[in-house]
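Asks: Take this structure, written in structure tokens, and hold onto it; I'll ask about it next.
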Amino acid sequence: MDINPSTAIFAIINFIVLVVVLKVFLYKPVCNMLDSRKQEVVNNLNSAEEAKLEAQKLRDEYAAQIQNARAEAQEIINQAAKIGEQTKADIVTEAREEAARLTAKAQDEIAREKTEALNEIRNEIADLAVLAASKVVGKTIDVADHQNMVNNFVKEVGEAK
Amino acid sequence: MFLTNVAYASAEHGASAPLFYIGPLEVTSEITTMWGVMLLIAVVCFLGTRNMQRIPSGVQNVLEYGIEMYENFFSDILGRKRARQFMPLLATFFILILCSNYSGMLPMAGTLPGLKPPTSNVSTTAGLAICVFFLVLYYNIKTNGIIGYCKHLVGPMPAIAILMVPLNILEQFTRPLSLALRLYGAIYGEEMVVVSLAALCPLLLPLSMQFLGVLFGAIQAFVFTLLTAIYLEEATAVHH
């Protein structure tokens with residue numbers, strides 16, 4: 001079990017050479033690759049987290065917007081309904097007023113016509129009566145007296161009726 | 001039979017004869033095998049990380065999985081920062097020792113000149129343990145300073161310093177010694193058992209030990225790395 005110094009020295013040299021060679025061809029590239037991939041994974045995870053938060057924010061925003069829009073629509077509908085109700089009430093009121101006005105006008109007209117007709121009839125009857133009386137009596141009665149008589153008669157008739 | 005005899009003979013010696021020389025240094029079969037293992041590791045890593053994709057597949061996936069497994073395990077011992085800092089050292093120890101251990105599974109390993117599991121030789125494991133020794137020393141002094149390191153050797157009670165200093169210094173040396181011998185013993189022993197079983201019956205019988213060898217190879221690589229990590233953790237822990 002002698003130690004051969006040459007072999008030992010070669011072993012040392014070989015080891016040092018292999019350390020250098022592997023450092024260049026194995027450890028450096030592999031470590032760099034592992035580190036860069038690790039960094040990439042970290043970055044990807046971070047950006048995914050950010051994207052998730054962003055999406056969450058947008059979703060909340062949209063939900064709020066939809067809520068607002070819905071409330072606004074409801075308000076518009078309510079307002080329209082209110083306006084419609086108001087308009088309906090106005091129209092009905094107006095129509096009622098118009099109807100009442102027309103009725104009143106018609107009644108006035110009727111009353112006026114009636115009065116006019118009555119007056120005309122009254123005059124007619126008086127004239128006829130005067131004529132008939134004068135024919136019966138044979139003399140002319142004083143027109144004024146006559147008129148008075150007739151008027152009284154008509155009045156009585158009206159009251160009796 | 002001839003081959004197993006040769007293997008037995010060379011395994012008995014422990015050290016193998018030099019194949020050739022680079023300057024004054026002998027190049028043995030363990031070293032050439034180690035070069036082969038290193039070349040294989042380097043090629044696999046080069047191909048796996050040559051064109052890295054954001055979505056990994058194939059070799060890249062395996063490498064990333066290994067590195068992540070390393071980080072998750074050693075973060076418990078060293079903390080995430082130091083696990084990353086010592087990754088080149090600890091992971092290289094593990095990969096190199098694991099592949100070296102498994103190189104003994106290759107056919108003709110130990111008999112073919114130039115192919116012998118490097119960790120079955122105490123010189124190689126001693127070399128690795130020396131690396132650990134100096135790394136721990138370096139990081140200890142770097143973290144605590146020379147004075148801090150000396151204080152650590154004296155121990156918490158100056159009254160018994162005369163007793164503690166030699167013990168602590170001894171501990172500094174027994175650690176790499178145990179690292180080297182444990183790894184060498186486990187792999188060399190496993191190789192020896194395989195060779196002996198092959199001598200008894202070359203067909204199927206050594207397989208039982210080779211199955212265990214798969215387990216031992218991984219366990220020994222893991223133990224070496226884990227102990228190194230613990231030594232480094234102790235060396236770089238900030239004392240309050």
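The values are calculated or read from the model by the stated rules, or taken from the named source; none is laboratory data. Predicted, not measured: the structure shown is a model, and the values here were computed from it. Glycine also receives a Cβ, built like all others from the backbone with ideal geometry; neighbour counts cover every protein chain displayed.
Asks: Looking for whichever is part of a helix (DSSP H, G or I), in contact with a Lys or Arg (Cβ under 7 Å, 6 or more places away or on another chain) and surrounded by 10 or more Cβ atoms within 10 Å (Cβ to Cβ) here; the options are A:Val150, A:Val154. Which one fits?
Replies: Result: A:Val154 is the single residue among A:Val150, A:Val154 that is part of a helix (DSSP H, G or I), in contact with a Lys or Arg (Cβ under 7 Å, 6 or more places away or on another chain) and surrounded by 10 or more Cβ atoms within 10 Å (Cβ to Cβ).
Asks: Something else: Of the residues that make up the range B:138-147, is at least one surrounded by fewer than 21 Cβ atoms within 10 Å (Cβ to Cβ), in contact with a His (Cβ under 8 Å, 6 or more places away or on another chain), touching a residue at least 24 places away in the same chain (Cβ under 8 Å) and more than 23 Å from A:Ile16 (Cα to Cα)?
Replies: Yes, the range B:138-147 contains at least one residue that is surrounded by fewer than 21 Cβ atoms within 10 Å (Cβ to Cβ), in contact with a His (Cβ under 8 Å, 6 or more places away or on another chain), touching a residue at least 24 places away in the same chain (Cβ under 8 Å) and more than 23 Å from A:Ile16 (Cα to Cα).
This table checks each residue for (1) surrounded by fewer than 21 Cβ atoms within 10 Å (Cβ to Cβ); (2) in a loop (DSSP other than H, G, I, E, B); (3) more than 7 Å from chain A (Cβ to nearest Cβ).
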{"residue": "B:Leu40", "(1), (2), (3)": "yes, no, yes"}
{"residue": "B:Thr49", "(1), (2), (3)": "no, no, no"}
{"residue": "B:Gln53", "(1), (2), (3)": "yes, yes, yes"}
{"residue": "B:Phe73", "(1), (2), (3)": "yes, no, yes"}
{"residue": "B:Leu90", "(1), (2), (3)": "no, no, yes"}
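Asks: Go through the range B:194-209 and report how many residues are in a helix (DSSP H, G or I) and surrounded by fewer than 16 Cβ atoms within 10 Å (Cβ to Cβ).
Replies: Residues that pass the stated criteria total 6.
Asks: Counting only residues that are more than 8 Å from chain B (Cβ to nearest Cβ) and of a type outside the set (Asp, Glu), how many does the range A:17-35 have?
Replies: 4
Asks: If you don't mind, another one. Which pairs have Cβ atoms under 8 Å, sit 6 or more apart or on different chains, and link a residue in the range B:30-51 that is over 29 Å from B:Gly110 (Cβ atoms) to one that is at pLDDT below 95 and of a type in the set (Gly, Ala, Ser)?
Replies: Every condition considered, the pairs that remain are B:Gly48/B:Gly58.
Asks: Which of the residues belonging to the range A:104-131 are within 27 Å of A:Asp145 (Cα to Cα), within 60 Å of the chain's Cα centre (by Cα) and among the β-branched types (Val, Ile, Thr)?
Replies: Hit for the range A:104-131 is A:Thr115, nothing else.
Asks: Sticking with this structure for a sec: Would you point out which residue out of B:Ile219, B:Ile169 is more than 21 Å from B:Thr124 (Cα to Cα), of a type in the set (A, V, I, L, M, F, W, C) and at pLDDT 90 or above?
Replies: When all the criteria are applied, what remains is B:Ile169.
Asks: Right, another one. Would you check which residues across the range B:14-38 are outside any helix (DSSP H, G or I) and either at the interface with another protein chain (Cβ under 9 Å from one of its Cβ atoms) or crowded, with 20+ Cβ neighbours inside 10 Å (or both) and list them?
Replies: Correct list: B:Gly14, B:Ala15, B:Ser16, B:Pro18, B:Tyr21, B:Ile22, B:Pro24, B:Leu25, B:Glu26, B:Val27, B:Thr28.
Asks: Return the residue satisfying two criteria in turn: it lies in the range B:108-120 and is within 14 Å of B:Trp35 (Cα to Cα) and under 19 Å from the mean Cα position of the chain (by Cα), and of such residues it is nearest to the other protein chains (Cβ to nearest Cβ).
Replies: Within the range B:108-120, the match that is nearest to the other protein chains (Cβ to nearest Cβ) is B:Pro118.
Asks: Scan the range A:109-141 for residues that are surrounded by 10 or more Cβ atoms within 10 Å (Cβ to Cβ) and not in a helix (DSSP H, G or I) and jot them down.
Replies: The answer is A:Thr140, A:Ile141.
So that you can scan it fast, the table gives a plain yes or no per residue for (1) under 19 Å from B:Glu233 (Cα atoms); (2) away from every other protein chain (no Cβ under 14 Å); (3) of a type in the set (D, E, K, R):
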{"residue": "B:Cys99", "(1), (2), (3)": "no, no, no"}
{"residue": "B:Leu106", "(1), (2), (3)": "no, yes, no"}
{"residue": "B:Val122", "(1), (2), (3)": "no, no, no"}
{"residue": "B:Ile130", "(1), (2), (3)": "yes, no, no"}
{"residue": "B:Leu137", "(1), (2), (3)": "yes, yes, no"}
{"residue": "B:Gly145", "(1), (2), (3)": "yes, yes, no"}
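Asks: Moving on. crowded, with 17+ Cβ neighbours inside 10 Å, among the acidic types (Asp, Glu) and farther than 30 Å from B:Arg80 by Cα: is that true of B:Glu233 in this structure?
Replies: So B:Glu233 fails the test.
Conditions tested, residue by residue: (1) modelled with pLDDT of 90 or more; (2) of a type in the set (S, T, N, Q); (3) touching a Lys or Arg at 6+ places or on another chain (Cβ under 9 Å).
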{"position": "B:Ser103", "(1), (2), (3)": "yes, yes, yes"}
{"position": "B:Met108", "(1), (2), (3)": "no, no, no"}
{"position": "B:Pro113", "(1), (2), (3)": "no, no, no"}
{"position": "B:Thr119", "(1), (2), (3)": "yes, yes, no"}
{"position": "B:Thr125", "(1), (2), (3)": "yes, yes, yes"}
{"position": "B:Gly148", "(1), (2), (3)": "no, no, no"}
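Asks: Could you please give the count of residues in the range B:78-88 that are more than 10 Å from chain A (Cβ to nearest Cβ) and without any contact (Cβ under 8 Å) to a residue 24 or more places away in the chain?
Replies: Total satisfying the criteria: 5.
Asks: Go through the range A:1-54 and report how many residues are buried (at least 20 other Cβ atoms within 10 Å of the Cβ), of a type in the set (A, V, I, L, M) and closer than 30 Å to B:Tyr184 by Cα.
Replies: 5
Asks: Still on this structure: Can you tell me which residues in the range B:148-160 are surrounded by 14 or more Cβ atoms within 10 Å (Cβ to Cβ) and more than 17 Å from B:Thr236 (Cβ to Cβ)?
Replies: B:Val154, B:Gly155
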